[in-house]
1. Can you pull out every residue in the stretch 82-117 that is small (Gly, Ala, Ser) and not in a strand (DSSP E or B)?
2. I'd like the residue in the stretch 118-136 that is in a strand (DSSP E or B) and not charged (D, E, K, R) and, out of all such residues, is nearest to residue 202 (Cα to Cα).
3. Check residue 173 against each of (1) within 13 Å of the chain's Cα centre (by Cα); (2) at pLDDT below 95; (3) assigned to a strand (DSSP E or B) and name the one condition it does not meet.
4. Provide a single number: the residues in the stretch 137-170 that are closer than 28 Å to residue 99 by Cβ and either acidic (Asp, Glu) or in a loop (DSSP other than H, G, I, E, B) (or both).
5. Suppose the filter is surrounded by 17 or more Cβ atoms within 10 Å (Cβ to Cβ) and not in a strand (DSSP E or B); does residue 180 pass it?
Amino acid sequence: MKKDKIVVVIGIVVVIIISTIGVYWLIGLNAHQEKPVEKVTTLVIDGPESIEIGEKVPYRAFLDGEVCFAGFPEVTWETKGGQIISNNGSSVTLITHQPGEITLVVKFSGMTAQKVIQVHPRAEVSLDMETWIHPGQWYSTGVSFSGTTNPSLILYRLLETGRMVEVSPSIWESYGSSEIVIHENGNYVLVVEGKALSDGRVVREEKDLTVTPYVQRDYHQFSWDNENLVQLTPADKVAIQLFLEEELGVPEVDLLSEGKLRDVNRIASDYVFYKDSSRGDTLLYQTGVKSEGTTTRHVLQSSIKGSDARYVYICWDDFIVSANIGNPGVSFVDPTSGGGDSGSSGGGSSLPPPIGGGPSPSPPIGGEGPSPLPPIGEGPSPPPPIGGGGPSPPPSV
């Protein structure tokens, strides 16, 4: 009996111990459980914090991250400094016409939310620079900008194929974005870029440039039979194309493509471009040119409509390029037609020859100083070729 009582007591103690341990375990488990957090309803305006003048920008209201109350009449919007031009309940379209800071406010069911918005000027950059410039001279780029970061300049070389290749810093320099100097002749594209203050997008503008020693006008009289004519390079023809586009508004001139082949022996043209070995590697042009000779040239001719709706007739071979405005019959004359004009009987170029019967010196296009003047009291005859070399070979027939 005594032994049985001891066993019972021990059993009771074990049960009490196990029960105690279980109670403490449950208490600890509940202590480690997270207490539920009460969800707070908030009203939020979703949309950009920076916009531009005149830009139409949408904004919408959210409740706890979910679109709410679309079309409900109790939703009200107001703006301090801007103008709401469209209201669809939970969404509005905002526009402003003044730079600065505005505040957009929305109210719903006793809650109010607001967003402060920065208004920047319209992001724009522009270039206002001369098209034809000379190597080694500083030129103003005419860069202006608004609503962007300070713009930067990038210079590309324009290849005869139309591709652009970025130019090495050793070939050109810039003074900020306001001035540049290019040290090598050629055809280039100058690009100005800035980042919009509103959203960081890149805004850019570009300008075609031709860098040449001098483009001289009327320094000496063009002659049809001039044996000193130098063959034009593809780069020269690209430069002439840029000139025609800039000065005459002739788009997409392609002097490397084919035109109508004609045999000619005289010229009466508004513009003539050529090189003369007596002037070195210099691209020249004259206006109001009339010249006749014994040499027969095989030239290509095409007509292109200019920006003023008049046609410009372009004629070229490897040595000269002619541009005549509005009259296809006076640029060139076909020798097989008995000496008469092969086209219209307009009787001359639309630009008169220089006054006084001879050419007069003129400053180079885009240059800072004038072209060299002929000796006083003498006509503007070209100097002999440098080095005593003979004339360039005549063009192939």
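1. 82, 89, 90, 109, 110
2. Top of the filtered list is 125.
3. So the condition that residue 173 fails would be (1).
4. 7
5. No, not satisfied.
The values are calculated or read from the model by the stated rules, or taken from the named source; none is laboratory data. Since the model is a prediction, treat every value here as computed from it, not as a measurement. Positions of Cβ are backbone-derived with ideal geometry, glycine not excepted, and every protein chain shown enters the neighbour counts.
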